[in-house]
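Step one of this worksheet: look at the structure below.
The values are calculated or read from the model by the stated rules, or taken from the named source; none is laboratory data. Since we're looking at a predicted model, the values are computed, not measured. Cβ placement follows ideal geometry from the backbone for every residue including glycine, while neighbour counts extend to all protein chains displayed. Accessible surface is based on the protein model in full, side chains and every heavy atom, while ligands, DNA and RNA are left aside. Shrake-Rupley method; radii C 1.70, N 1.55, O 1.52, S 1.80 Å.
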Amino acid sequence: MSQRTVKKRPDVSTSLLQDSFARQVEYLRISVTDRCDFRCVYCMAEDMQFLPRQQVLSLEEIETLARTFVSLGVKKIRLTGGEPLVRRGVVQLCERIAALPGLRELVMTTNGSQLIRYAKPLAQAGLKRLNISLDSLNAEKFRQITRTGDLQQVLDGIDAAREAGFARIKLNAVIMKGRNDEEVLNLVDYAVARELDLTFIEEMPLGAINEHSRAEAFCSSAEVREIISQRYDLLESTESTQGPSRYWRIQGVANSRLGFISPHSHNFCATCNRVRLTAEGRLLLCLGNEHSADLKAVLRRHPGDEVRLREAIFEAMARKPWSHDFRVSDDVQVVRFMNMTGG
Ligand SMILES: Nc1nc2c(ncn2[C@@H]2O[C@H](COP(=O)(O)OP(=O)(O)OP(=O)(O)O)[C@@H](O)[C@H]2O)c(=O)[nH]1
Ligand SMILES: C[S@@+](CC[C@H](N)C(=O)[O-])C[C@H]1O[C@@H](n2cnc3c(N)ncnc32)[C@H](O)[C@@H]1O
Ligand code: SF4
Ligand code: SF4
């Protein structure tokens, strides 16, 4: 019996979205809500005020914007928040976005608190990869960092995600000296035992927080690698997830990668390929700057006018800044809290 090999045609289409530095934008991060069931100390103030509902994009508006961006060449969409899984209807939104022709990958970043319930429906809706935040494996420390989080609920959520069949699961940990730097090895052991990726993130100066000094708590990626090398041999890798993470492999470990997101110690802006849509419909051109365009206003003033929407997006793209200007200090460098943009 002869066997026919069906060769997949390579996707050569390039994005129509390009900034003034000739960087192609193919990646859209959508914050589906600014609300969250946690109040992580590096992300939010304890007494956060959230947006009134009418100022938040409806699910239909998010879908319209996602469709427009994909038609312009966006290949990867990440849903984030706030906590994306506290937004009612998010699974149906995933189904609709995952079905957009031309989109290669729909992914999500979540705190994991709702995964026991949502992991399976999300995988069935077409979500490919999941990033789950986990800053500590000590229940007391976890509660101190998240202020309201229950560690066991998140660990059960991670187990539910592992059973649901995602192509990859990555854990995210923001490491802060004096808070969770002693957790680094525990987190690596946990990820390796479950064949998960794990990314360590340097804290970024977004929003005014008062629970710790960001300057004193700063822990560079190199310092985190020092800690890891007490137990594991690390090998630098050239792998990429089209995000800011630089990956390292552990000698003898095949199925877990360690990522390092180092906005302070290793700026990755030169290869920036992304823009963000905030929960209130602002197209934010850089995480570390305020340059933006009000796409919600365009949608609501001119419903159904695709041409105007595209024009507003092209006009904004020309204003995308070259890079952030984060410094390790306690000055508030960007007043917007991380939950508005989803990181
Ligand atoms: N400075 C900066 N930080 C970013 C950028 N994109 C993501 N991050 C940070 O990276 C951390 C992890 O974000 P995730 O939502 O898990 O996304 P990711 O690591 O880029 O995702 P993948 O590489 O697709 O797995 C968060 O702290 C984000 O704020 C970026 O463009 N600039
Ligand atoms: C803003 S959260 C939104 C998604 C979801 N609620 C979660 O926590 O995964 C996205 C990512 O940003 C990270 N993050 C939040 N504030 C940060 C900060 N100030 N510096 C660095 N990363 C931060 C979180 O750890 C998380 O991995
Ligand atoms: S990092 Fe995520 S879980 Fe923590 S407060 Fe911010 S949005 Fe919520
Ligand atoms: S800080 Fe701004 S320019 Fe740099 S990678 Fe992030 S979004 Fe892109």
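Among the residues of region 248-289, those that are away from ligand 1 (no atom under 14 Å from the Cβ), over 19 Å from Phe200 (Cβ atoms), touching a Lys or Arg at 6+ places or on another chain (Cβ under 8 Å) and open to solvent by 30 Å² or more (accessible area, probe 1.4 Å) comprise Glu280, Arg282. The residue of region 226-235 that is least open to solvent (accessible area, probe 1.4 Å), among those that are out of contact with any Lys or Arg (no Cβ under 8 Å at 6 or more places or on another chain) and outside any loop (DSSP other than H, G, I, E, B), is Ile228. Pairs please, first residue from region 302-329 and free of Cβ contacts under 8 Å to residues at least 12 places away in the same chain, second anywhere and not in a loop (DSSP other than H, G, I, E, B), Cβ atoms under 6 Å, 6+ apart in sequence or on different chains. Pairs found: His302/Arg308; Arg308/Val298. Of the residues in region 45-53, none is within 19 Å of the chain's Cα centre (by Cα), under 22 Å from Leu299 (Cα atoms), of a type outside the set (S, T, N, Q) and outside any helix (DSSP H, G or I).
One line per residue, one yes/no per condition, for (1) within 11 Å of ligand 2 (Cβ to nearest atom); (2) without any contact (Cβ under 8 Å) to a residue 12 or more places away in the chain; (3) over 25 Å from Val334 (Cα atoms); (4) open to solvent by 40 Å² or more (accessible area, probe 1.4 Å):
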{"residue": "Val32", "(1), (2), (3), (4)": "yes, no, no, no"}
{"residue": "Cys36", "(1), (2), (3), (4)": "yes, no, no, no"}
{"residue": "Met44", "(1), (2), (3), (4)": "yes, no, no, no"}
{"residue": "Thr64", "(1), (2), (3), (4)": "no, no, yes, yes"}
{"residue": "Val70", "(1), (2), (3), (4)": "no, no, yes, no"}
{"residue": "Leu79", "(1), (2), (3), (4)": "yes, no, no, no"}
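Scanning region 130-168 for residues that are more than 26 Å from Arg39 (Cβ to Cβ) and open to solvent by 30 Å² or more (accessible area, probe 1.4 Å) gives Arg162, Glu163, Gly165, Ala167, Arg168.
Taken as a whole, the condition of being without any contact (Cβ under 8 Å) to a residue 60 or more places away in the chain, under 19 Å from Thr80 (Cβ atoms) and in a loop (DSSP other than H, G, I, E, B) applies to Pro244.
When you check Asn186 against the structure, is it under 20 Å from the mean Cα position of the chain (by Cα) and either modelled with pLDDT of 95 or more or not β-branched (Val, Ile, Thr) (or both), yes or no?
Here the answer is no, as Asn186 does not meet what is asked.
Of all positions in region 164-184, at least one carries a residue that is over 20 Å from Met44 (Cβ atoms), in a helix (DSSP H, G or I) and touching a Ser or Thr at 6+ places or on another chain (Cβ under 8 Å). Only a single item in (1) open to solvent by less than 20 Å² (accessible area, probe 1.4 Å); (2) under 19 Å from Arg168 (Cα atoms); (3) not polar (S, T, N, Q) is not met by Pro121, and it is number (1).
With respect to the conditions (1) of a type in the set (Gly, Ala, Ser); (2) more than 15 Å from ligand 1 (Cβ to nearest atom); (3) within 29 Å of Thr341 (Cβ to Cβ), Ser229 falls short on a single one, namely (3).
Among the residues making up region 185-221, those that are open to solvent by less than 20 Å² (accessible area, probe 1.4 Å) and either within 17 Å of Thr110 (Cβ to Cβ) or outside any loop (DSSP other than H, G, I, E, B) (or both) are Leu187, Val188, Ala191, Leu196, Asp197, Leu198, Thr199, Phe200, Leu206, Ala217, Ser221.
Does Glu239 satisfy being modelled with pLDDT of 95 or more and either open to solvent by 40 Å² or more (accessible area, probe 1.4 Å) or assigned to a loop (DSSP other than H, G, I, E, B) (or both)? No; evaluated as a whole, the condition is false for this residue. Scanning region 99-118 for residues that are open to solvent by less than 20 Å² (accessible area, probe 1.4 Å), over 29 Å from Gly73 (Cα atoms) and of a type in the set (A, V, I, L, M, F, W, C) yields a count of 1. Condition test on Asp181, is it out of contact with any Asp or Glu (no Cβ under 9 Å at 6 or more places or on another chain) and either of a type in the set (D, E, K, R) or within 17 Å of Thr109 (Cβ to Cβ) (or both)? Against the criterion (out of contact with any Asp or Glu (no Cβ under 9 Å at 6 or more places or on another chain) and either of a type in the set (D, E, K, R) or within 17 Å of Thr109 (Cβ to Cβ) (or both)), Asp181 does not qualify.
When Lys141, Lys120, Lys128 are screened for being touching a residue at least 24 places away in the same chain (Cβ under 8 Å) and within 15 Å of ligand 2 (Cβ to nearest atom), only Lys141 passes.
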